[in-house]
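Let me begin by presenting the structure, written as structure tokens, before commenting on it.
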Amino acid sequence: MDCKKIIYEVKNYITRQFANDPTGHDYNHMKRVAEWSRLIALDEGADPFTAELSGWVHDIGDAKLFQDTDAAYQELDDFLKSLNVNVDQREVVFAIIRDISFSKGRIPDSIEGKIVQDADRLDALGAIGIARTFAYGGMHNQLIYNEEEQKLTSIQHFYDKLLKLSQGMHTRKARQEAEQRHIFMKKYLEQFFKEWNSIERAGE
């Protein structure tokens, strides 16, 4: 396999799939996940090509983004086949992209799968994670915050998911980066609630 050519073609494929996505699952999200996956793989002594390739395509077939997940998987499989990615490699990639979702609660079997899961979760943390949370919430008609009904707000998503992610990282480099981003998010929330309640305090 010509790994460089495959990655080049996959980048173009992902551009066509996600270039106009407004929910935080756009081309640049895939790019960050792919690049972090490669970086962590090199640090872990894992296969950087498998990790990077899986990072690029990790959101293909996600039920949040595709109405027909089976059709999306089949299209991706046909595309990778056209690039001469062999069946064993394709099976590894599909195992990874099916197992990394937070909502599924799974831990991938392979080290490359754990790496891509870490990279994807890193992109849900820190300043980028905050921006993506509000982009996704806005596209799905979520309020930013509501004191009386917090369950379906973007701020509640921090407590339901984002603040839990740093504890579940599998790799050394991801744990280091996640810790910094976790601290940043906690500081952001402190400032958010300070400003949210500032009018009440100003009237005291």
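Just a yes or no: is a residue in the range 127-135 of a type in the set (Val, Ile, Thr), open to solvent by less than 60 Å² (accessible area, probe 1.4 Å) and either farther than 16 Å from Gly24 by Cα or not in a loop (DSSP other than H, G, I, E, B) (or both)? Break it down stepwise before answering.
Applying the first criterion (of a type in the set (Val, Ile, Thr)) to the range 127-135 yields 128, 130, 133.
Then drop every residue that is not open to solvent by less than 60 Å² (accessible area, probe 1.4 Å), which leaves 130, 133.
Adding the requirement that they be either farther than 16 Å from Gly24 by Cα or not in a loop (DSSP other than H, G, I, E, B) (or both) leaves 130, 133.
The answer is yes; a qualifying residue exists.
So, Ile14, is that one open to solvent by less than 10 Å² (accessible area, probe 1.4 Å), touching a Leu at 6+ places or on another chain (Cβ under 6 Å) and either modelled with pLDDT under 95 or not in a loop (DSSP other than H, G, I, E, B) (or both) or not?
When the stated conditions are applied, Ile14 does not pass them.
So, in the range 45-69, of the ones that are acidic (Asp, Glu) and out of contact with any Asp or Glu (no Cβ under 9 Å at 6 or more places or on another chain), which residue ends up nearest to Ile130 (Cα to Cα)?
Top of the filtered list is Asp62.
Which residue pairs have Cβ atoms closer than 6 Å, lie 6 or more positions apart in sequence or on different chains, and pair a first residue in the range 4-28 that is in contact (Cβ under 8 Å) with a residue 40 or more places away in the chain and among the aromatic types (Phe, Trp, Tyr) with a second residue that is open to solvent by 40 Å² or more (accessible area, probe 1.4 Å) and not in a loop (DSSP other than H, G, I, E, B)?
Matching pairs, first to second residue: Phe18/Tyr27.
Taking the conditions exactly as written (closer than 21 Å to Ser37 by Cα, part of a helix (DSSP H, G or I) and open to solvent by less than 50 Å² (accessible area, probe 1.4 Å)), does Arg175 satisfy them or not?
no
Hey, could you check the range 100-152 for residues that are modelled with pLDDT of 95 or more and among the basic types (Lys, Arg) and say which is farthest from Arg175 (Cα to Cα)?
In this case the residue turns out to be Arg132.
Please verify whether Lys31 is basic (Lys, Arg) and loosely packed, with under 15 Cβ neighbours inside 10 Å, treating the condition exactly as stated.
The answer is no for Lys31.
With respect to Arg106, determine if the residue is basic (Lys, Arg) and open to solvent by less than 60 Å² (accessible area, probe 1.4 Å).
No: the conditions fail for Arg106.
What is the number of the single condition among (1) open to solvent by 30 Å² or more (accessible area, probe 1.4 Å); (2) under 18 Å from the mean Cα position of the chain (by Cα); (3) on the phi < 0 side of the Ramachandran plot; (4) not hydroxyl-bearing (Ser, Thr, Tyr) that Ile115 does not meet?
For Ile115, the failing item is (1).
Within the range 83-103, count every residue that is without any contact (Cβ under 8 Å) to a residue 60 or more places away in the chain and open to solvent by 80 Å² or more (accessible area, probe 1.4 Å).
So the answer is 4.
The values are calculated or read from the model by the stated rules, or taken from the named source; none is laboratory data. Being a predicted model, the structure only gives us computed values, none of them experimental. Note that we place each Cβ from the backbone using ideal geometry, even for glycine, and neighbour counts take in every protein chain shown. Accessible surface areas use protein heavy atoms only, side chains included; no ligands, DNA or RNA. Shrake-Rupley method; radii C 1.70, N 1.55, O 1.52, S 1.80 Å.
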